[in-house]
1. Determine which member of the set D185, D216 is over 16 Å from L79 (Cα atoms) and out of contact with any strand residue (DSSP E or B) (no Cβ under 7 Å at 6 or more places or on another chain).
2. If a residue must be under 15 Å from the mean Cα position of the chain (by Cα) and not in a helix (DSSP H, G or I), how many such residues does the range 208-235 contain?
3. Looking at (1) crowded, with 22+ Cβ neighbours inside 10 Å; (2) free of Cβ contacts under 8 Å to residues at least 12 places away in the same chain; (3) not hydrophobic (A, V, I, L, M, F, W, C), can you tell me which one G207 breaks?
4. Of all residues in the range 171-207, which are acidic (D, E) and outside any loop (DSSP other than H, G, I, E, B)?
Amino acid sequence: MLELHQFRHSPYCLKVRMALAAKKLEYRTVEITPAIGQIDIFKKTGQKQLPVLFDKEAIIHDSSLIIRHLEKIEKEPKLIPEGPKEASQAQIIENWADTTLAKSIKIVFLEELMKNPMLISSLFNEEISDSVQKLLSNIPTKITSQISGLINQREKESLKSNLEYLANIINQEKFLIGERLTIADISVASHLSLLKFPKSSGDKVSGKGCSLYLNDPSLKNLFNWRDLIEEKLAITNPH
């Protein structure tokens, strides 16, 4: 059976779980404690980053590479379109979501953690959340302001614009590319989780996220679209 080593709240891990659900593949998850648990993963695989998929003798890391592996072992439904034009478009969006969009969202999310340390307790177990809260509280004010400055008002407006562009697309189309769910939809939907955690994140964090975006009426349909995809895929932690 496939075995996914993950941190549940990582968008990249969610991305893989969504792909596994789309293909109806049986798998079990192994929850890795950030930092501490990653040492063991590094010893086993030479990789510190999650997710990591174990498929018999094969060990695959990186969400994009894992999904390419899933495409080989389960042909349907295809998450990368067959047509070269749509395939290129889907993979361009995937790359954009995993890099540019992810970077902006992570910075906004870090700002939210600094403003709302209670969110940390929801994301981690008690031992880890305490250590993370201490770490954030010990960051000097000057450094904190520099971190906040990493994404200035102009950059936040850019992120907001990109989110609104996405919202406009899904207001007109069911999917970002073509007539079927693709890696483009899964990639974008998974990264939205740090702005507003979906139901699959569990009761402790579901509906929470970055206050600047989660209650924004112009983004309501975008989050609803994300939630609808998850509901159709029935995202669960099966084992």
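The values are calculated or read from the model by the stated rules, or taken from the named source; none is laboratory data. Everything quoted here is computed from the prediction, not taken from an experiment. Neighbour counts are summed over all protein chains in view; Cβ atoms, including those assigned to glycine, are modelled from backbone coordinates with ideal geometry.
1. Working: D185 fails: over 16 Å from L79 (Cα atoms).
Going through D185, D216 in turn, just one is over 16 Å from L79 (Cα atoms) and out of contact with any strand residue (DSSP E or B) (no Cβ under 7 Å at 6 or more places or on another chain): D216.
2. Looking only at that region, the number is 4.
3. Condition (1) is where G207 drops out.
4. Our first condition is that a residue be acidic (D, E); within the range 171-207, this holds for 173, 179, 185, 203.
Of everything in the range 171-207, just one residue is acidic (D, E) and outside any loop (DSSP other than H, G, I, E, B), namely D185.
One line per residue, one yes/no per condition, for (1) modelled with pLDDT of 90 or more; (2) surrounded by 14 or more Cβ atoms within 10 Å (Cβ to Cβ); (3) more than 16 Å from the chain's Cα centre (by Cα); (4) in a helix (DSSP H, G or I):
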site	(1), (2), (3), (4)
H9	yes, yes, no, no
Y12	yes, yes, no, yes
L20	yes, yes, no, yes
K43	no, no, yes, yes
I60	yes, yes, yes, no
H69	yes, yes, yes, yes
